[in-house]
1. Of the conditions (1) under 28 Å from Val235 (Cα atoms); (2) modelled with pLDDT of 85 or more, Ser207 clears all except one; give me its number.
2. Quick check on my filter: what residues within segment 282-310 are in a helix (DSSP H, G or I) and without any contact (Cβ under 8 Å) to a residue 24 or more places away in the chain?
3. Looking only at helices (runs of 4 or more DSSP H) that lie completely in segment 165-237, which have at least 3 residues being charged (D, E, K, R) and touching a helix residue (DSSP H, G or I) at 6+ places or on another chain (Cβ under 9 Å)?
4. Please work out if Trp57 is surrounded by fewer than 18 Cβ atoms within 10 Å (Cβ to Cβ), under 16 Å from Ser281 (Cβ atoms) and aromatic (Phe, Trp, Tyr).
5. Checking Ile255 against (1) under 14 Å from the mean Cα position of the chain (by Cα); (2) surrounded by fewer than 21 Cβ atoms within 10 Å (Cβ to Cβ); (3) part of a helix (DSSP H, G or I), only one condition comes out false. Which one?
6. Assuming Leu249 fulfils every condition listed in (1) without any contact (Cβ under 8 Å) to a residue 40 or more places away in the chain; (2) within 15 Å of Ile288 (Cβ to Cβ) apart from one, which condition is it?
7. Give the residue that is farthest from Met55 (Cα to Cα), with candidates limited to residues of segment 184-219 that are in contact (Cβ under 8 Å) with a residue 40 or more places away in the chain and of a type in the set (D, E, K, R).
8. Being of a type in the set (A, V, I, L, M, F, W, C) and in a helix (DSSP H, G or I) is the filter here; which residues of segment 258-279 pass it?
Amino acid sequence: MRHFSSILRAALTAAILIYLLARIDLRDTWAAMLRLDQRAALVVLALLAVDRFIMIWRWILLLRASGAVVSTASASRVYLVSSFVGSFLPAGVGADALRALSLTRDVTPRSESIASVAVDRVLGMLSIVLLGTIGIVVWTRQIDSELQQTTVVLAMLVGLGAAGVFWADRILTLALPSSWHGTPHGGRLVRLFDALGRYRGRRGILSAVLLLSVAVQVLRVLQAYALGRGLGLDVPFTYYLVFMPIGLLMLLIPISISGFGLPQGVIVWLLRPQGVPDAVSFALSTLIIVTGIVANLPGAWLYLRTKTTS
């Protein structure tokens, strides 16, 4: 089954890229990438460093709130290495799974480890939806009030769904027969959902992590904006608040490899109304994916170092 999933993801990624490349002149894309202003590249690298620091710190806050005894160095190493190795796995879930398993082996009970990663992911997704909602409302304030209302309603539904994660223990009590609680699989579910439910009483930490998650998404929009300016795009910053959150959500869908394919196609499509040539928007989307790979290079170094010393 896992082998079939890998083949399917590779096929979907290849199909989307082939579709895009059939309609885009790669020479124009390459020429646009070569024109990237070096100052913009340096700004993006600085933003990447801050981005990675905040992502690690918000996870550490969640871990320590659960009572896990974990050092900053150990958590940072696990985060960076799992991000690197997870880039070869299904986008959006591969790194998360590795992070939970790696920490379980080190210092933390499995239920608490998985719960911290799940909450981190849920708040990250919620921050993307929140930022995207703000972007769409601001961008369409003089265009389409109906679209604004629809966006706000959808965002509220996503928020309610996210809140449901913190009531997982109550939901499980209603959904799972008590006779299953003593079974191996049922017991694992109970421990995991109890760990998720305990975050209900950690509102201060959840608020802090949500704010840090919003900061991360703002940094990613700024990275895309800096890259766009470096490529010479004349697209308003407010429109980056529209298309980038959608592109980031596409990255969370586990059907691409290292983020290539679907997110690029969506970004190319969303930049067309702004008059951006497909070759240039494809260059921008590719650079956005590449910056994510660059951010994983410290994890690659730590991974190779571990393999060398073991």
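1. Condition not satisfied by Ser207: (1).
2. The initial filter retains those residues of segment 282-310 that are in a helix (DSSP H, G or I), namely 282-295, 297-309.
Answer for segment 282-310, where residues must be in a helix (DSSP H, G or I) and without any contact (Cβ under 8 Å) to a residue 24 or more places away in the chain: Val290, Trp301, Leu304, Arg305, Lys307, Thr308, Thr309.
3. Working: elements: 168-175, 184-197, 203-230.
Counting at least 3 such residues, we get 184-197.
4. Details: surrounded by fewer than 18 Cβ atoms within 10 Å (Cβ to Cβ): yes; under 16 Å from Ser281 (Cβ atoms): no; aromatic (Phe, Trp, Tyr): yes.
No: the conditions fail for Trp57.
5. It fails just one condition, (3).
6. (1)
7. To start, the set of residues in segment 184-219 that are in contact (Cβ under 8 Å) with a residue 40 or more places away in the chain comprises 188, 191-192, 194-196, 198-199, 202, 205-206, 208-210, 212-219.
With of a type in the set (D, E, K, R) added as a condition, the list becomes 188, 191, 194, 198, 202.
Working: Arg188: 27, Arg191: 26, Asp194: 25, Arg198: 22, Arg202: 19 Å.
So, considering only residues that are in contact (Cβ under 8 Å) with a residue 40 or more places away in the chain and of a type in the set (D, E, K, R), the one farthest from Met55 (Cα to Cα) is Arg188.
8. The initial filter retains those residues of segment 258-279 that are of a type in the set (A, V, I, L, M, F, W, C), namely 260, 262, 266-271, 276, 279.
Across segment 258-279, the qualifying residues are Leu262, Val266, Ile267, Val268, Trp269, Leu270, Leu271, Ala279.
The values are calculated or read from the model by the stated rules, or taken from the named source; none is laboratory data. Because the structure is a prediction, the values reported are computed rather than measured. Because the Cβ atoms are built from the backbone with ideal geometry, glycine has one as well, and the counts that use them run over all protein chains shown.
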